[in-house]
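Enquirer: For reference, the structure I am asking about is given below.
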Amino acid sequence: MTGPFSLTGKVAVVSGGARGIGAAMLAQCGADVAIVDVLDTSEAVAAVTAQGRRGRGYAADLRDEEAVTSLFAHIVADFDGVDVVHNNAGISRCSAAEETSLAQWREVLEIDLDAVFLFARAAGRIYDRPGPWRLDHQHRLDVGNDCQLSPRTSRL
Ligand SMILES: NC(=O)c1ccc[n+]([C@@H]2O[C@H](COP(=O)([O-])OP(=O)(O)OC[C@H]3O[C@@H](n4cnc5c(N)ncnc54)[C@H](O)[C@@H]3O)[C@@H](O)[C@H]2O)c1
């Protein structure tokens, strides 16, 4: 890929890159990619290596503070640095509030808030020098949205 979206020559880390948007975005961008996911990353890694780039998968549940803290040390050692971090992992629940358990609600918060924070913090700590680097958040947590919290029409 050329042009403004090219990451040729860069090292990118993507959370939740085993499938979906994270896998699709970084396979084509020209970067070497470290793919972090709780799911099997082999297909996403193969899509990166098919482009002639380095790809490597890292198994982690991003709610696990210890796992996330040690993750970036491994990635930096394997790729000799990181240029771009795509904080993409997340879940969406499409259920009405009255049909959603507290455990399900908390799972959304744990992944879409806590895990995003842990990943951003761990990424930020590897930069002991000024940029250029980028930290992209794919995230959006729709809490307090009228449509989602009103009875019957509410969706998480
Ligand atoms: N698809 C959309 O229309 C849309 C819209 C708005 C926001 N988003 C957000 O964009 C991001 C990507 O969306 P998508 O459609 O590709 O979703 P997806 O479900 O296809 O991919 C999300 C990935 O995150 C991973 N993941 C989830 N929890 C994890 C955890 N605890 N630890 C490690 N990995 C974990 C999943 O295994 C999966 O591979 C998500 O954060 C989603 O909430 C998506």
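None of the figures in this text is laboratory data; all of them are computed from the coordinates on show. Since we're looking at a predicted model, the values are computed, not measured. Here the Cβ positions follow ideal geometry from the backbone for every residue, glycine too, while neighbour counts run over all protein chains shown.
Enquirer: Apply the Karplus curve 6.51 cos²θ - 1.76 cosθ + 1.60, θ = phi - 60°, to the phi angles in the range 84-98 and return the couplings in whole Hz, x for Gly and Pro.
Expert: Computed from phi, the couplings for the range 84-98 are 9, 10, 10, 8, 10, 4, x, 10, 10, 10, 9, 10, 5, 4, 5 Hz.
Enquirer: Can you pull the one-decimal nm distance between simple spin-label points at ASP40 and ARG54, each 7 Å off the Cα toward Cβ?
Expert: Once both label points are built, they end up 2.5 nm from each other.
Enquirer: Let me know the Rg and Dmax you get for the range 25-128 when you use only its Cα atoms, in Å.
Expert: That works out to 15.3, 49 Å for Rg and Dmax.
Enquirer: For the range 73-119 and the range 9-26, write down the distance between their C-alpha centroids in whole Å.
Expert: 14
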